[in-house]
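Notes follow the structure.
Derivation of every value follows stated rules applied to the coordinates shown; laboratory data play no part. All figures in this text were calculated on a predicted structure; none of them were measured in a lab. Heads up, the Cβs are rebuilt from the backbone with ideal geometry, glycines too, and the neighbour counts pull from every protein chain shown.
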Amino acid sequence: MKLTKNFELEEMVRSATSRERGIDNTPSKKVKENLRMLCEEVLQPLRDKWGAPIVVSSGYRCPQLNRAVGGVRNSDHLYGCAADIHAIGDKPEDNERLFRLAVSMMKEGTLRNVKQIIDEYHYNWIHISRQDGRTPKRCQVVHIK
């Protein structure tokens, strides 16, 4: 199921851990809607400006999958409001450029409803989440070393 021009539902729920452990990671109707909005408001505009594919390494996680991968108890992944992404080729320097682009777009307002943009472990990947009203608007930029 296509969520936007360049993002499919399948890539937003795919998980090697869920396959290996037999975890059903099927999203609810509400989670599918959140994923669509994450793609429309955040991932697709970022991908359009980036001009190249963006790889989603983790999107939606059901509670069992979130526990299995060590996700935090209140993770935005549980609601379909977050994705861990990286540039094609997965080079830290490209991920850093992608991170900086996302932060710039958030500050100028071309990425709507961004909750957090997190550089995970020296740009190994980028966590980006969409504000859905569960928490106060944050527009947080974080570096985890």
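Summary of values
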| read-out | value |
| --- | --- |
| Per-selection metrics, region 9-144 (Cα): Rg and Dmax in Å | 13.9, 42 |
| LEU46, LEU35, LEU78 arranged by Cβ crowding within 10 Å, fewest neighbours leading | LEU78, LEU46, LEU35 |
| Value in Å of the Kirkwood radius, where region 21-98 supplies the Cα pairs that are averaged | 13.4 |
| Using θ = phi - 60° and Karplus 6.51 cos²θ - 1.76 cosθ + 1.60, couplings along region 35-40 (whole Hz; Gly, Pro as x) | 5, 4, 5, 4, 5, 5 |
| For ASN124, distant residues with modelled amide H under 5 Å away | none |
| Beta bridges by DSSP in region 9-144, antiparallel share as percent, to the nearest 5 | 75 |
| Cα-based Lys proximity count in the chain, under 15 Å, for pairs eight or more positions apart or on separate chains | 7 |
| 0 to 90° range, to nearest 10: angle between helix 92-108 axis and the chain longest Cα axis | 80 |
| Sorted by Cβ neighbour density within 10 Å, fewest at the top, the residues PHE7, PHE99 | PHE7, PHE99 |
| Gyration tensor over alpha-carbon atoms, region 1-52, equivalent ellipsoid semi-axes in Å | 23, 13, 7 |
| J(HN,Hα) series, region 52-62, from Karplus relation 6.51 cos²θ - 1.76 cosθ + 1.60, nearest Hz, glycine and proline x | 8, x, 10, 8, 9, 8, 7, x, 5, 9, 5 |
